[in-house]
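Here's the structure, in structure tokens; my notes come after.
The values are calculated or read from the model by the stated rules, or taken from the named source; none is laboratory data. As the structure is a prediction and not an experimental result, all values here were calculated from the model. Cβ coordinates were reconstructed from backbone atoms using ideal geometry, including for glycine residues, and neighbour counts include every protein chain displayed.
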Amino acid sequence: MNARRLALALCLLLALPALAHAGQDRRGDHGDRGGRHHGAPAHGPVVVPEGVSVPTWDQLTPAQQKSVERLRERWDTLPASQRVMALERAERRARWEAMTPEQRERIREGMRNYRDLPPELRETMRESMRAMRALPEAERRELFAKWRALSPEQRRAWLEAGGPGLVPQPAQAGAEAD
């Protein structure tokens, strides 16, 4: 065997454990469509929070059974964390499918706008959203209404100033929105 073939055989031999593990991921052993989902740690299953119910197949509603049908044969043997994640994904998918095309496009546009922000403004936006979640419901609705009424340029100016929930709306942004 020449040196090149020997090196290739050695590389394949060393890669076999990793390839076997990747094959498990693709077969759905992690409960999703081809690998780990966003936020899942690479070192093991996620701990299911206290108080979260993890139903067996027979405890699922007919709608839930239909939404996770592809996991039927393995459902009761899957780790609790994977069952919870599968149900959460199915719920998100159902909410998405229930939206009108206009609502979906609005969400896509918002994601494009967010993706196009520089990293520091994305972080400011995340901080702003955390602050807004902590506000009373009425105040949060009012801020969201103000935010939606602004142009993209006005929204960016507010983010650069600190963001909704963290700082008051800049005067120039408020004057242009009126």
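A few remarks follow.
- Boolean, A138 is of a type outside the set (F, W, Y) and within 20 Å of the chain's Cα centre (by Cα): no
- Inter-residue pairs, beta-carbon under 7 Å, first of a type in the set (S, T, N, Q) and in segment 136-161, second in a helix (DSSP H, G or I) and modelled with pLDDT under 85, 6+ apart: Q154/A173; Q154/E176; Q154/A177
- Residue satisfying all of: in segment 75-116; more than 18 Å from the chain's Cα centre (by Cα) and touching a residue at least 12 places away in the same chain (Cβ under 8 Å); farthest from E153 (Cα to Cα) among these: D76
- Among the residues listed as E50, E88, the single one being surrounded by fewer than 11 Cβ atoms within 10 Å (Cβ to Cβ), on the phi < 0 side of the Ramachandran plot and at pLDDT 75 or above: E50
- Being closer than 16 Å to L166 by Cβ, surrounded by 12 or more Cβ atoms within 10 Å (Cβ to Cβ) and out of contact with any helix residue (DSSP H, G or I) (no Cβ under 8 Å at 6 or more places or on another chain) is a description that does not apply to E120.
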